[in-house]
Amino acid sequence: MKSPRFLFLVLGMLLISSCSAPKNLFVLMPDVDGTVGTISVKNNAGEQFVKSAGTAVKVKDAHTTPGLPKPIAEKDIQKIFQSAVSVTPDPPARFILQFKFDTTMLAETSLAKLSQITATVKERQPCDVRIVGHTDTAGPAQKNWELGLQRAKTVKQILIDQGIDVDQIQAVSHGEKDLLILTPDNVQEPKNRRVEVLVR
């Protein structure tokens, strides 16, 4: 299977009917961002690959080849997996904060987002907060990594000052390695000078 978020992509359930033998049903669902991975449904008798969202494979038992992948209606997915879907966590909340060139000073347009981040963290307790610092490609890569980390730590300290538990927060840097806007080296790009905050 090719997905980092298996529990959110695949719904599996034991179906028991008075007129048929128990069957396992596996349904591939899209991730929160719409991307779709691939699952392999395998037992002692064979294997089937599922690559399309909303496609299901039934497995009668360990000694019967898994059935061919078949589309399943959204209403049927909701009906069959209602209890599982109801306890699925909310998708992560993502915020982007912009910074002034070569500094750890937030751009004016990003200051208002800080209260939104704090409110989201408090509403979603218990949760964790991942803060990733980024830069544009102007300047040496090592300096940019350090600047990205300083930016992440700046936001971390602001959240701590606003009452968020330090143990919930992780601050890291990607420097210039994960550009929002692709540019050549040594290019100033305001949208790449950012911190991304993920509340999950």
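Read-outs throughout are calculated quantities, based only on the coordinates presented, and are distinct from any laboratory measurement. In this text, all values refer to a predicted model and were calculated from it rather than measured experimentally. Cβ coordinates were reconstructed from backbone atoms using ideal geometry, including for glycine residues, and neighbour counts include every protein chain displayed.
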Which angle from 0 to 90°, rounded to the nearest 10, does the C-alpha axis of helix 141-161 make with the longest principal axis of the chain? 80 degrees
Taking Cα pairs closer than 8 Å and at least 6 residues apart, the relative contact order of the chain in percent is 18 percent
Debye log10 I(q)/I(0) at q = 0.12, 0.15, 0.18 Å⁻¹ for the chain, Cα point scatterers: -0.75, -0.91, -1.08
Residues with amide H under 5 Å of Thr65's amide H, sequence separation 5 or more or different chain, H placed in the peptide plane at 1.01 Å from N; which? none
Full extension between Leu111 and Ile160 adds, at 0.36 nm per residue less the Cα distance, a length in nm of 16.1 nm
Test of understanding: ordering Leu106, Leu180 by Cβ neighbours within 10 Å, fewest first, what list do you get? Leu180, Leu106
Points 7 angstrom from Cα along the Cβ direction at Asn186 and Gln78: gap in nanometres? 5.7 nm
